[in-house]
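Report on one structure; see the data block that follows.
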Amino acid sequence: MSSASWYLNAERPSLKHQRKWKSDPNYTKSWYDRGAKIFQADKYRKGACENCGAMTHDAKSCMERPRKKGAKWTSMHIAPDEKIETFELDYDGKRDRWNGYDASTYARVIERYEARDEARKKYLKEQQLKKLEEKNSKNNEGEVSDEDDDNDALKVDEAKVDESKQMDFAKVEKRVRTTGGGSTGTVRNLRIREDTEKYLLNLDVSSAYYDPKTRSMREDPLPDADPNEKFYGGDNQYTMSGQALEFKQLNIHAWEAFDKATEEELPMELLLGQSERQVEYDRAGRVIKGMETSLPKSKYEEDIFINNDTSVWGSWWKDHQWGYKCCKQTIRNSYCTGAAGIEAAEAATDLMKANIARKVSSKDAPAPAEEKKLATWGTDVPEDLVLDEKLLIEALKKEDEKRREEKDERKRKYNVKWNDEVTAEDMEAYRMKKIHHDDPMKDFLN
């Protein structure tokens, strides 16, 4: 702030040198004159709108209702010309959302809402007075005490008082955050501040304990006070009265009835399977003496047989498949065929095994195929083979030259003559020069 430019001639420190303080002469803050008209023609003019007759727009941009016959053909009811304005706005002016907004127009919105609130208050006030008058008329017909008359008259007088004065006792003026920004508004205070907090009723240290985390005080903070005068007697008063007490008594009754239940009241299956009956079993689990306890029934339907079955599904197991024990079928919900079905299934199985055995025994073993080996060079060398030593030396030289050419192609001649005839000496030379990759001495060759 103190290091401003010298050409600003600043008498005191400021931030004028950090912003564009010179206003643009071409920029204007005025806005369009909405709905303004400039000229009213008497007859249609050439080039005007064919629908309404105004010169400031064409028929395509006309905002009036399309006429059955436009002003071009009737020359009647010519619309006035609109006021066309152009402004040169700067960067901020083009992006100003509230440019041209008239704040006085929002007063009509406020008036409409205030009128609606007043009508609502008036209606509620009339309804309240009507109810009190009806109650007074009913009380006047019968015998009513003087105290009731005084109370009703007091209620009527309170209802006649201006509501705006009564409802201001809980208003709080505060800053309210909204989506469009902060605004000062009136917020209703739903809590009456006249009541005293429970932890302030008795400041004695040895009085009822107050838990600040759960905000609960189970014991009565004022046990010696008059019960008709105190409004709070601890949180236990809610658990020891009303429906909570009835529910607790019901639970106690259920527990006592369960403990004192006899065989006539509850079946033995419900008493955790415990009884004083003595039952003796053998090593196999059969009952020797006494009576076996009955198992409790399931909630699902049991021992229901369909399709002529005499056993349930899953009573038989074979080859990793469940089935019916009565007919030994592994297809669920199939019709039971009984012992005849079992015999037929066994006969079909025996027949299938016999057919398989007969087919295996009658089938001849395949004759071993003769392996036909092609006579290729380097496989089997006949014993009576005789090699010429001179031809073998020449073949070895040719094999060396061939390998050198393969390593360096620059030594290969342009005119190469190929001889497809392979002799026994050539094969022996190839066999002698061949390198076996599995040979441990291959690195010491040549």
Notebook entry, point to check: What are the pairs, 6+ residues apart or on separate chains, where a residue within the stretch 314-328 that is free of Cβ contacts under 8 Å to residues at least 24 places away in the same chain has its Cβ under 7 Å from a residue that is open to solvent by 30 Å² or more (accessible area, probe 1.4 Å) and of a type in the set (S, T, N, Q)?
Noted result: Q321/T330; W322/T330; G323/Q329; G323/T330; Y324/S315; K325/S315; C326/T310; C327/T337
Next item on the list: Would you check if there is a residue in the stretch 101-121 being hydroxyl-bearing (S, T, Y), under 30 Å from R34 (Cβ atoms), at pLDDT below 90 and not in a helix (DSSP H, G or I)?
Entry: yes
Notebook entry, point to check: Only one residue in K69, K122, K43, K60 is touching a residue at least 12 places away in the same chain (Cβ under 8 Å) and open to solvent by 70 Å² or more (accessible area, probe 1.4 Å), so which one is that?
Noted result: K43
Next item on the list: Please state which of the following conditions S145 fails to meet, knowing it meets all the rest: (1) polar (S, T, N, Q); (2) modelled with pLDDT under 85; (3) surrounded by 11 or more Cβ atoms within 10 Å (Cβ to Cβ).
Entry: (3)
Check: Is there any pair linking a residue in the stretch 195-217 that is within 20 Å of T239 (Cα to Cα) to one that is open to solvent by 70 Å² or more (accessible area, probe 1.4 Å), with Cβ under 6 Å and at least six apart or on different chains, and which?
Finding: A208/E219; Y210/Y199
Next item on the list: Mind listing whichever residues of the stretch 213-246 are among the charged types (D, E, K, R) and in a loop (DSSP other than H, G, I, E, B)?
Entry: K213, R215, R218, E219, D220, D224, D226, E229, K230, D235
Notebook entry, point to check: Got at least one residue in the stretch 123-141 being out of contact with any Cys (no Cβ under 7 Å at 6 or more places or on another chain) and assigned to a loop (DSSP other than H, G, I, E, B)?
Noted result: no
Next item on the list: Mind listing whichever residues of the stretch 242-270 are of a type in the set (S, T, N, Q) and at pLDDT 80 or above?
Entry: Q243, Q249, N251
Next item on the list: Quickly run through the stretch 72-93 and pick out the residues that are touching a Phe, Trp or Tyr at 6+ places or on another chain (Cβ under 9 Å), in a loop (DSSP other than H, G, I, E, B) and open to solvent by less than 70 Å² (accessible area, probe 1.4 Å).
Entry: S75, I78, P80, E85, F87, L89, D90
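Every residue, every condition in (1) at pLDDT 80 or above; (2) aromatic (F, W, Y); (3) under 30 Å from K328 (Cβ atoms), yes or no:
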{"site": "E346", "(1), (2), (3)": "yes, no, yes"}
{"site": "D350", "(1), (2), (3)": "yes, no, yes"}
{"site": "L374", "(1), (2), (3)": "no, no, no"}
{"site": "T423", "(1), (2), (3)": "yes, no, no"}
{"site": "D426", "(1), (2), (3)": "yes, no, no"}
Note to self: Would you confirm whether or not the stretch 271-282 contains a residue that is over 30 Å from I110 (Cα atoms), at pLDDT below 85, among the aliphatic types (A, V, I, L, M) and open to solvent by 50 Å² or more (accessible area, probe 1.4 Å)?
What the structure shows: yes
Margin query: Can you pull out every residue in the stretch 392-411 that is touching a helix residue (DSSP H, G or I) at 6+ places or on another chain (Cβ under 8 Å) and open to solvent by less than 80 Å² (accessible area, probe 1.4 Å)?
Written below: L392, A395, L396, E399, D400, R403, E405
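The values are calculated or read from the model by the stated rules, or taken from the named source; none is laboratory data. Nothing here was measured: the structure is a model prediction, and the numbers come from that model. No Cβ is skipped: glycine too gets one built from the backbone with ideal geometry, and neighbour counts run over all protein chains shown. For accessibility, only protein heavy atoms count, side chains too; no ligands or nucleic acids. Shrake-Rupley method; radii C 1.70, N 1.55, O 1.52, S 1.80 Å.
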